[in-house]
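For reference, the structure discussed in these notes is given below.
Nothing in this text is a laboratory measurement; each read-out follows from the coordinates by a stated rule. Remember, it's a predicted structure, so these values are computed and weren't measured experimentally. Positions of Cβ are generated from backbone atoms using ideal geometry, with glycine treated the same way; all protein chains shown enter the neighbour counts.
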Amino acid sequence: MSTSTAHPVARGQGAAEGAAEAHEAARRGRALRRRAGMALIVVFVALYLVPVAGVVSTSLKTNAEIAERGIWALTGKLTLANYIDVWSTANTVRYLINSFQVAIPAVAVSIAGGTLIGYALSKFRPRGGTLIQLVIVSGLFVPPQVLLVPLFTMFRTLDLLNTLWPMILIHSAVGFSICTLVMRNFFDQIPDSLRYAALIDGASEGDVFWRVMLPLARPALAALATLQFTFIWNDFLYPLVFTSARDDVATIMLGLLNVKGQFTVAYGTQASLAVIASIPTVVVFFVFQKHFVRGLLSGALKE
Amino acid sequence: MRPTTRWSLLFMGPPIALFAAIVVLPTAMALRLSFTDASLLGQTSEWIGFDNFVEAFTNEHVRKSIRITLVWTLFGALIPPALGLAVAMALQANTRFAAVMKSALFVPISISLVVVGQVWIWIYQPGDGLINQLLGMAGLDSLEEAWLANRSTALYAVFAAWAWQQTVLAMILYLAGLTSIPGELVEAARVDGAGHFQVFRRVMVPLLRPITTVVLSLIAINSLRNFDLVFAMTQGGPVRETETMPMLVWRILFRQHEQGLASAVSLILFAMTLVVIGGLTWWGRRGSYVD
């Protein structure tokens with residue numbers, strides 16, 4: 001295929017009148033398209049705004065009010081009662097602490113490990129490197145269900161069921177796949193001459209990595225942190241499988257699911273807990289949004 | 001030993017050991033389990049050869065979940081990317097909105113599928129659900145439906161909630177892809193007399209191919225391992241109409257306690273993932289300009 005296909009034009013451009021007319025038609029066509037595009041955007045925004053606004057507004061209404069008028073009613077007094085209630089009575093604070101206790105170490109370990117592997121593969125080019133990369137990146141395609149069966153038995157033997165350890169260990173290891181892929185691609189773009197120059201100046205390989213390469217990698221690390229944090233924070237499959245017996249080791253997502261089961265009609269309570277559970281990832285996204293897209297693309301595009 | 005070999009070992013050794021313990025070894029164990037009749041409750045297990053795989057391909061529930069997962073992946077690869085690209089193109093032409101929109105749309109993709117599921121349950125629910133209320137207001141009461149409880153609508157209803165989130169993912173990636181297309185290239189095609197459709201077909205589509213491969217791969221993986229949303233919304237019901245393969249594995253494992261069969265079904269899912277990703281990678285390389 002070629003990038004541009006030449007289509008020589010043979011339009012009637014003789015008369016100035018004709019040209020003006022064509023120009024006018026083109027202008028109208030552009031305006032029409034822009035209006036169609038605008039309409040599409042407005043519909044799209046509404047499709048996304050309504051559900052999000054629905055949760056937030058439900059969280060601000062009393063359960064009695066919702067029972068009387070329904071979830072989507074536009075009227076009603078707004079109150080923070082649900083938040084105060086959820087914060088003080090349910091295990092909400094415990095759930096949040098548990099989620100952070102899983103997410104922070106798992107994000108750190110997965111990125112650290114992925115960076116080390118990616119760097120070694122890119123700069124040391126060890127024998128068998130291609131195979132190592134293939135095995136680690138294939139981890140992206142292993143469905144979690146494949147791992148669940150053996151891991152359940154393994155953690156039961158190690159007596160780690162109903163602790164936070166299974167989630168920390170699994171998310172750390174599973175995260176190596178994407179982190180290695182992204183960091184390897186990143187370090188491949190940094191010229192080897194930089195490393196050799198520092199080595200000749202007497203730095204050790206460790207120094208080069210720590211003082212020269214890592215500071216350069218900050219944007220890629222930020223992208224991975226966003227990606228990994230969101231993924232780990234939002235996960236509930238592993239907590240569901242490994243900690244379902246004890247409420248005090250539940251993460252916030254599992255807590256949310258449990259609350260849904262307990263108070264089938266307490267919509268206001270559910271909604272406020274859902275908002276609380278979503279705040280950390282939404283904040284992380286707003287802060288790092290540029291990095292996120294770059295992170296996703298750098299992992300997959302430059303191979 | 002080359003000095004870099006020692007550094008390689010030092011750098012890669014610990015993370016690779018962890019990866020081997022949590023991912024590689026369990027995958028191998030799952031493969032072994034799939035040839036046994038191991039149960040989560042019992043202590044002993046017998047080697048039964050391919051029986052689990054024979055069972056998987058003949059059991060109507062497994063076959064149905066394979067069908068659901070394949071249909072889901074197919075529609076997932078068509079609808080969210082197409083909508084995402086359309087909106088991304090509209091946004092690119094209306095730059096005034098682009099910045100605000102981009103920030104706002106990070107909300108749907110940063111929230112968990114548990115939360116997405118909860119909102120959509122409220123949208124679908126009979127009585128005061130949003131859709132039924134809107135239908136009522138429009139005087140179309142006869143079309144009101146218990147969307148998630150009805151056997152013929154449940155799957156589409158859950159899919160729509162999922163597509164709602166995936167469309168944004170596709171849109172954000174396509175926006176990045178569109179901004180990377182040099183404007184001169186489009187201009188040049190226009191000057192050469194190409195119409196809008198031709199510019200789209202002959203310039204944008206080929207240039208967006210790498211991004212499309214990424215979008216399709218991500219969405220395919222998300223489709224194939226779709227457990228969260230189904231669990232949050234229907235747990236596979238009504239009458240197993242929304243039982244995707246991951247949901248079925250969960251059920252076989254924790255309701256029927258059959259480790260062997262659960263491993264076999266999950267490995268079939270793994271194989272399906274590899275085939276889909278392999279196909280997409282091949283498709284992406286085939287039409288690539290680079291290299």
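Using the beta-carbon distance between residue A:190 and residue A:78 and R0 = 45 Å, what value does 1/(1 + (r/R0)^6) give for FRET efficiency, to the nearest 0.05?
Working: r = 53 Å, r/R0 = 1.17.
It comes to 0.30.
Classify chain A from the C-alpha gyration tensor, please: rounded if a/c falls under 1.5, else prolate or oblate depending on whether a/b exceeds b/c. Provide the component values of the computation, followed by the final result.
Values: a/c = 2.49, a/b = 1.06, b/c = 2.34.
In terms of gyration-tensor shape, oblate.
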Practice prompt. Report the label-to-label distance for residue A:207 and residue A:156 in nanometres (one decimal), using points 7 Å from each Cα along the Cα→Cβ vector.
Written response: 5.3
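Which whole number gives the average count of other chain Cβ atoms within 10 Å of the Cβ atoms across peptide A:130-143? Let's see the in-between values first.
Numbers: counts 0, 0, 4, 0, 0, 5, 7, 0, 7, 5, 5, 13, 12, 15.
Average per residue, whole number: 5.
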Item to complete: Just tell me the longest site-free run in chain A, where the sites are trypsin sites (Lys or Arg not before Pro) in a DSSP loop having at most 16 other beta-carbon atoms within 10 Å.
Response: A:128-245
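Sequence gap at least 6, Cα distance under 8 Å: using those rules, report the relative contact order of chain B to the nearest whole percent. Before the final figure, lay out the partial values.
On the way: 306 pairs, mean separation 82.6, N = 291.
Once normalised by length, the contact order is 28 percent.
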Discussion item. Quick check: Cα centre of segment B:158-206 to Cα centre of segment A:129-158, how many Å?
Written reply: 36
Worksheet item: By a straight-distance test (C-alpha under 18 Å), which aspartates and glutamates pair with residue B:64 as possible cross-link partners, with residues fewer than eight away in the same chain excluded?
Response: B:55, B:241, B:243
Worksheet item: Rounded to the nearest 500 deg cm²/dmol, what is the calculated helix-only ellipticity per residue at 222 nm for chain B, with -39500 (n - 2.57) per DSSP H run of length n ≥ 4?
Response: -22000 deg cm²/dmol
Item to complete: Report relative contact order for segment A:89-301 in percent, whole number only (criteria: Cα-Cα under 8 Å, sequence separation at least 6).
Response: 34
Item to complete: Name the lysines eligible as straight-distance cross-link partners of residue A:77: C-alpha to C-alpha under 23 Å, and not fewer than 8 places from it in the same chain.
Response: A:61
Worksheet entry | Nearest-0.05 FRET efficiency for residue A:22 and residue A:248, computed from C-beta distance (R0 56 Å) | 0.15
Worksheet item: Using unit Cβ charges (K, R positive; D, E negative) and no other charged atoms, how large, in debye to the nearest 20, is the dipole of the protein assembly as shown about its Cα centre?
Response: 1340
Worksheet entry | Shielding by partners, peptide B:115-124 (average Cβ within 10 angstrom, other chains) | 6
Practice prompt. For chain B, take the alpha-carbon Rg, divide it by the Kirkwood Rh, and send me Rg/Rh.
Written response: 1.05
Discussion item. Along the Cα→Cβ direction, 7 angstrom out, place labels at residue A:94 and residue B:191. What is the inter-label distance in nm?
Written reply: 7.0
Worksheet item: Do the sum for chain A: with -39,500 (n - 2.57) for every DSSP H run of n ≥ 4, divided by all residues, what is the mean residue ellipticity at 222 nm, to the nearest 500 deg cm²/dmol?
Response: -23500 deg cm²/dmol
Discussion item. Bin width 10 Å, origin at 0, all Cα-Cα pairs of the protein assembly as shown: what percent of pairs per bin?
Written reply: 3, 15, 24, 25, 18, 10, 4, 1, 0, 0
Discussion item. I want to verify a result. In a Gaussian network model of chain A, Cα cutoff 10 Å, which of these has the top mean-square fluctuation: A:190, A:170, A:232?
Written reply: A:190
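Compute for segment A:22-81: radius of gyration divided by Kirkwood radius, i.e. Rg/Rh, restricted to C-alpha atoms, rounded to two decimals.
Details: Rg = 19.9 Å, Rh = 14.4 Å.
Reported Rg/Rh (Cα atoms, Kirkwood Rh): 1.39.
Averaging over every viewing direction, what projected area does the convex hull of the Cα atoms of segment B:84-224 cover, in nm²?
Details: hull surface 45.0 nm².
The Cα convex hull of segment B:84-224, projected and averaged over all directions, gives 11.3 nm².
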Worksheet item: Taking segment A:122-210 on its own, what percent of its Cα-Cα pair distances exceed 20 Å?
Response: 54
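What average number of partner chain Cβ atoms lie no more than 10 Å from the Cβ of the residues making up A:277-289? All intermediate terms of the calculation are to be shown ahead of the outcome.
Values: counts 4, 7, 2, 1, 7, 6, 1, 2, 7, 5, 0, 1, 6.
Averaged over the peptide's residues, the number is 4.
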Worksheet item: Mind checking which of B:32, B:190, B:225 has the largest fluctuation in a GNM of chain B, springs on alpha carbons under 10 Å?
Response: B:190
Fill in: For segment A:179-204 versus segment A:215-291, the gap between their alpha-carbon centres in whole angstrom
35
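Could you work out the relative contact order of segment B:188-277, using alpha carbon pairs under 8 angstrom and six or more residues apart, expressed as a whole percent?
Details: 52 pairs, mean separation 18.8, N = 90.
Once divided by the residue count of segment B:188-277, the mean separation gives 21 percent.
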Discussion item. If I build a Gaussian network model for chain B, linking alpha-carbon pairs within less than 10 angstrom, which residue out of B:160, B:188, B:146 has the largest mean-square fluctuation?
Written reply: B:188
Fill in: Distance between modelled label sites at residue B:255 and residue A:38, nm, 7 Å Cα→Cβ extension
5.2
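Between residue A:200 and residue B:2, take the C-beta separation as r, use R0 = 22 Å, and let me know the FRET efficiency to the nearest 0.05.
After rounding, the FRET efficiency stands at 0.80.
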Worksheet item: In debye to the nearest 20, how big a dipole does segment B:62-286 give about its Cα centre with +1 on each Lys and Arg Cβ and -1 on each Asp and Glu Cβ?
Response: 700
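Extension gain residue B:271-residue B:150, at 0.36 nm per residue separation less the Cα-Cα distance, in nm? Show your work: numbers first, answer last.
Working: separation 121, 0.36 × 121 = 43.56 nm, distance 3.19 nm.
Taking 0.36 nm per residue and subtracting the Cα distance, the gain is 40.4 nm.
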Item to complete: Could you list the square roots of 5 times each eigenvalue of the Cα gyration tensor of segment A:102-144, that is, the equivalent ellipsoid semi-axes, sorted largest first and rounded to whole Å?
Response: 21, 16, 5
Worksheet entry | Per-peptide average of other Cβ atoms within 10 Å, ordering B:71-78, B:242-249 highest first | B:242-249, B:71-78
Worksheet, complete the sentence: Ranked output for segments A:172-182, B:275-285 by mean other Cβ atoms within 10 Å, highest leading, reads A:172-182, B:275-285
Worksheet item: By a straight-distance test (C-alpha under 13 Å), which aspartates and glutamates pair with residue A:123 as possible cross-link partners, with residues fewer than eight away in the same chain excluded?
Response: A:188, A:192, A:205
